1. Among 134, 112, 100, which is the only one that is under 15 Å from the mean Cα position of the chain (by Cα) and closer than 22 Å to residue 232 by Cβ?
2. Within the range 246-293, how many residues are surrounded by fewer than 23 Cβ atoms within 10 Å (Cβ to Cβ) and part of a loop (DSSP other than H, G, I, E, B)?
3. Among the residues of the range 4-12, are any without any contact (Cβ under 8 Å) to a residue 40 or more places away in the chain, at negative phi and either in a helix (DSSP H, G or I) or in contact with a strand residue (DSSP E or B) (Cβ under 8 Å, 6 or more places away or on another chain) (or both)?
4. Determine, yes or no, whether residue 103 is in a helix (DSSP H, G or I), farther than 17 Å from residue 248 by Cβ and either in contact (Cβ under 8 Å) with a residue 60 or more places away in the chain or out of contact with any strand residue (DSSP E or B) (no Cβ under 9 Å at 6 or more places or on another chain) (or both).
5. Being buried (at least 17 other Cβ atoms within 10 Å of the Cβ), in contact (Cβ under 8 Å) with a residue 24 or more places away in the chain and more than 18 Å from residue 164 (Cβ to Cβ) is the requirement here; does residue 40 meet it?
6. If I go through the range 20-53 residue by residue, how many of them are assigned to a helix (DSSP H, G or I) and farther than 16 Å from residue 71 by Cβ?
7. Show me the helices (runs of 4 or more DSSP H) found entirely inside the range 121-238 where at least 3 residues are over 30 Å from residue 256 (Cα atoms), touching a helix residue (DSSP H, G or I) at 6+ places or on another chain (Cβ under 6 Å) and in contact (Cβ under 8 Å) with a residue 24 or more places away in the chain.
8. From the list 99, 91, pick out the single residue that is surrounded by 13 or more Cβ atoms within 10 Å (Cβ to Cβ) and closer than 24 Å to residue 230 by Cα.
């Protein structure tokens, strides 16, 4: 008897559906205040339609280019999901004053303000800006590396990254922080030097301009600033997803015993981490929480990955699997 073929969804597509569902609940809750609520909802239906369309094409033709497009589309969506966090959280009061105040109580000053002042050398600035600029090439490069080298591990690798991004984005939506490069200019440098960090409420709902404060003499410094002027929003400072995702990548690469690749990436990783504070994109607290959260999300992602690979996936099945046998991250069964 011929086995009936069915359309199968990737684990990363299922986690995307879950993120869409959760954000739809948030959008519905804030819809009276959101001016573009309908647009946000329609965009989600369009994204779902594309995912379904690619999955159906892959059902008709099991070509590698279609399967690759399914992953590439979800990865490309990160360029949409990130700025969209601001489209939602702009109507929630800003919490930078809490992070900046805690930073002041710990250090007695603002590291993001004095770091670049104490190390103004062009060569130092270029090294750190190079690391910061390498963030997305780091993600794309490691994804391609594992896609070519080990497709089964790639599926877990990509799932872990996407899962972590979605966790960060949910935090960004519900706990809006803009970071020093926005908040300092909003309250004024005199207030920052005085250690006075006032609540600014919905200030960023009407003010989204980013004023360059770092030295842009170097090539990479200019590249970073140009990129920020195009794609940056006053959102997503706490915790630092730059630090969290790059740390997660180092964990995943090291776990796969790719020691040569780890050694190559480690200097870039260090430059990226320090650059987040150097260019005033993040507070030190953002960096520390970003680092710790990467291990948390790695564990959670490893725990839920296997249930998301089953053909018939449901919440009851997920719960039963998690209670009986957590995933062994050394075993990867590939597509569902």
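The values are calculated or read from the model by the stated rules, or taken from the named source; none is laboratory data. Just so you know, these numbers come straight off a predicted model, no measurement behind them. Note that each Cβ is placed from the backbone with ideal geometry, even for glycine, and that neighbours are counted across all protein chains shown.
1. One residue alone meets the criteria, 134.
2. 3
3. Among the residues of the range 4-12, not one is without any contact (Cβ under 8 Å) to a residue 40 or more places away in the chain, at negative phi and either in a helix (DSSP H, G or I) or in contact with a strand residue (DSSP E or B) (Cβ under 8 Å, 6 or more places away or on another chain) (or both), which makes the answer no.
4. So residue 103 passes the test.
5. Taking the combined requirement at face value, the residue satisfies it.
6. Result for the range 20-53: 23.
7. Fully inside the range 121-238 and qualifying: 180-187, 219-231.
8. Only one candidate passes the filter, namely 91.
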